[in-house]
Amino acid sequence: MVLRTLATLGPRHSYAIATRLEQVSGELLKVNQGTLYPALVRLEQYGWIKGTWGTTESNREAKFYAITRAGMKALEEETERWRQMSGVVDRLLEEGS
């Protein structure tokens, strides 16, 4: 979800990412920084995103994350993997109907 957000909107700081995820989910997801920050660190360690320090609209210093070329490839792969898994879950749920 983070990779898709960055691919769609471009570089964003963690608060903007969390806000976007909540907005797109229709407020079903409540993303807190304590959950999001470790995910951002992991994605950066994988080389899928790159963080750089900058200034927010409210003139605060924040780390802005951008998706990398490797991140775009991972996004494609993870999207396909998710679609396959969700298809399996759909079939299993239909089985009980």
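The values are calculated or read from the model by the stated rules, or taken from the named source; none is laboratory data. None of the values given here were measured: they were computed from a predicted structure. Note: ideal-geometry Cβ built from the backbone for every residue, glycine included; neighbour counts use all protein chains shown. Quick note on the areas: whole protein, heavy atoms, side chains included, nothing else; ligands and nucleic acids left out. Shrake-Rupley method; radii C 1.70, N 1.55, O 1.52, S 1.80 Å.
Please enumerate the residues belonging to region 20-34 that are of a type in the set (S, T, N, Q) and modelled with pLDDT of 90 or more. Show your work before the answer.
Within region 20-34, the subset of a type in the set (S, T, N, Q) is 23, 25, 32-33.
Result: GLN23, SER25.
Scanning region 40-74 for residues that are part of a strand (DSSP E or B) and not polar (S, T, N, Q) turns up ILE49, LYS50, GLY51, TRP53, GLY54, GLU61, ALA62, LYS63, PHE64, TYR65, ALA66, ILE67.
Of all residues in region 21-47, count the ones that are within 18 Å of GLY71 (Cβ to Cβ), out of contact with any strand residue (DSSP E or B) (no Cβ under 7 Å at 6 or more places or on another chain) and open to solvent by less than 80 Å² (accessible area, probe 1.4 Å). Here the count works out to 6. Each residue in region 1-17 was checked for being open to solvent by 20 Å² or more (accessible area, probe 1.4 Å), within 14 Å of LEU43 (Cβ to Cβ) and among the aliphatic types (A, V, I, L, M), and 2 pass.
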